[in-house]
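Q: Encoded as structure tokens, here's the structure I'll be asking about.
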Amino acid sequence: MKLQLPAIILALVTAAAAGNGYFYREYWADFDKAVSNHADGRWRVNDPELSLHPVFGKRPEARANGLMLIDLDQDLFALDGVCLYLEMWGGHPDTADKRFFVNGRGPYPIDSFGTESNHCTYSYPLVELNTSHLVRGINAFQFACERGDGFWGHFIIDNAALRCRLAPDHPDIASCGLDYFAPKVRLSTPVDAVADQTQLWLDGLPAAATDIVRVDYFARYEGFDDNGDLIENDWHGFTHRKKPVNHIGTSTASPYRVAWDTSLIPSQKTSMAVKAVVTMQNGLLYETEITDRLSFPARRPTVSMFKCDPLPAPFWSRASREKTALITLPADLSGAVRARLQVKVWDGGQGKTARPFTINGRPYNILSGRAVHDVVYTDIEIALSDLLPGPNTLKLLSDTDHHGIEILLPGPCLTLRFNKD
């Protein structure tokens with residue numbers, strides 16, 4: 001069933017695409033083990049055959065019912081649109097047809113982001129909702145999935161929020177004296193010559209904006225797909241336990257200045273952009289107008305990103321089953337001056353393995369060290385002496401009996417900066 005988006009949702013999508021600034025509120029779900037019928041603090045979703053599976057049906061996870069409640073204390077008539085935002089482990093490889101219902105209405109499909117192609121994934125879908133499917137008060141979200149070609153259809157939602165865009169005449173905006181609140185991100189360098197170290201700040205803050213708690217800055221460029229949506233030329237940064245990660249930076253004091261290190265952002269084929277999210281004491285959030293058409297200077301050194309080809313599917317090690325992948329670098333590395341590794345994993349533990357991840361036999365730490373059964377993002381410098389012209393071998397190994405280590409899409413990526421010659 002394909003839902004027709006009403007005008008109120010189309011207004012939200014259109015405004016976001018146009019880059020206009022807007023106010024919104026977020027209502028985060030609170031886990032309740034009595035409601036979700038499970039006790040580990042995260043919403044688990046199973047395929048419909050699991051309850052009577054001869055092996056997995058006896059595990060405690062099989063009790064989870066995929067039900068989530070979110071209390072929405074908001075006048076629906078005063079909104080310009082609502083989305084559901086998820087922090088979501090994509091599940092066992094091959095899990096299919098992830099979806100949810102809102103108060104029994106839907107279904108709303110959740111993109112695969114590679115899970116149905118047997119990859120390990122973690123993503124942050126933002127799904128537009130039909131506002132008439134919501135109620136003021138407690139809203140019930142029922143999540144579901146199918147087994148697909150795998151052994152157990154299963155995915156996990158760690159956190160979820162209703163993101164409500166406020167209409168321009170919303171009483172909360174007027175009551176705070178923010179009717180004309182429209183700050184914009186400014187740069188310390190020309191927009192067509194963004195430097196390796198660039199300062200950003202908020203310009204145009206009105207005197208009434210005295211209750212700002214923090215300002216988070218985000219950039220759009222072509223680079224490592226950190227949010228797992230299979231798009232490289234995208235807004236970068238994601239949330240972990242509701243807090244932003246891998247964004248440009250955060251400031252808590254006026255004029256809310258941050259330093260943007262662009263030295264290892266790949267050379268760009270198209271222009272870049274920046275924006276900020278302002279958080280206020282009363283819970284209001286404001287996403288600024290986009291500052292776009294940014295580019296690096298013409299004589300900037302070349303920065304290139306290299307990926308695994310092919311990427312193992314799934315790139316997952318447990319029970320001492322080693323996985324290997326290759327990243328092919330240029331035949332001439334003499335001009336390379338820096339190298340960086342970016343990778344996201346679902347850390348189920350390395351067991352007793354001393355060297356769980358290596359590049360050409362050299363160990364690099366990409367885990368938490370505590371088998372947290374959670375996402376771990378790594379962004380570290382790599383010694384150029386550990387890299388080879390041509391193929392470079394990456395190995396993953398865990399000897400755990402249970403989950404082990406999953407390397408999430410897009411897989412490990414190496415970014416190299418070369419000198420001007």
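Q: Considering the dipole of the chain built from charges on the beta carbon (Lys and Arg +1, Asp and Glu -1) around the Cα centre, which of ALA276, PRO310, THR400 is farthest to its positive end?
A: THR400
Q: At 25 °C and 0.890 mPa s, what whole-number value in µm²/s does Stokes-Einstein give for the translational diffusion of the range 7-166, with Rh from the Kirkwood sum over Cα pairs?
A: Taking Rh from Cα pairs, D becomes 150 µm²/s.
Q: Rounded if a/c is under 1.5, else prolate if a/b beats b/c, else oblate: with a ≥ b ≥ c from the C-alpha gyration tensor eigenvalues square-rooted, which is the range 186-343?
A: oblate
Q: Could I ask something else about it? Would you calculate, for the chain, the mean residue ellipticity at 222 nm contributed by helices, counting each DSSP H stretch of 4 or more residues as -39,500 (n - 2.57) and dividing by all residues, to the nearest 500?
A: It comes out at -1000 deg cm²/dmol, rounded to the nearest 500.
Q: Something else now. Where Lys and Arg each count +1 and Asp and Glu each count -1, what net charge lies around SER267 among other residues with Cβ under 10 Å from its Cβ?
A: +2
Q: Mean separation of Cα pairs under 8 Å and 6+ residues apart, divided by the residue count of the chain: what relative contact order is that in percent?
A: Relative CO of the chain lands at 16 percent.
Q: Under 5 Å between amide H atoms, partner at least 5 residues away or on a different chain: which partners does HIS119 have, H built in plane at 1.01 Å?
A: HN-HN under 5 Å from HIS119: ASP94.
Q: Of the labelled options (1) 22.9; (2) 19.1; (3) 21.3, which one gives mean projected area of the Cα convex hull in nm² as computed for this structure?
A: Given (1) 22.9; (2) 19.1; (3) 21.3, the calculated one carries the label (3).
Q: ³J(HN,Hα) across the range 37-53 via Karplus (A = 6.51, B = -1.76, C = 1.60, θ = phi - 60°), whole Hz, x for Gly/Pro?
A: Per residue, the Karplus-derived 3J(HN,Hα) values read 6, 7, 10, 9, x, 9, 7, 9, 10, 10, 6, x, 9, 5, 4, 10, 5 Hz.
Q: May I pose another question? What does the charge count around MET280 come to, taking other residues whose C-beta lies under 13 Å from its C-beta (Lys +1, Arg +1, Asp -1, Glu -1)?
A: Net charge around MET280: -3.
Q: Output ³J(HN,Hα) for the range 246-259: one whole-Hz value per residue in order, computed from phi by the Karplus curve 6.51 cos²θ - 1.76 cosθ + 1.60 with θ = phi - 60°, and x for Gly and Pro.
A: Each residue of the range 246-259 in turn: 6, 8, 4, x, 10, 10, 10, 9, 4, x, 6, 8, 9, 9 Hz.
Q: Listed highest first by mean packing, meaning other Cβ atoms within 10 Å per residue, what order do 215-224, 359-368 come in?
A: 215-224, 359-368
The numbers here are math on the coordinates, done by the rules we state, and not lab data. Source: prediction; values computed, not measured. We place every Cβ from the backbone using ideal geometry, glycine too, and count neighbours over all the protein chains shown.
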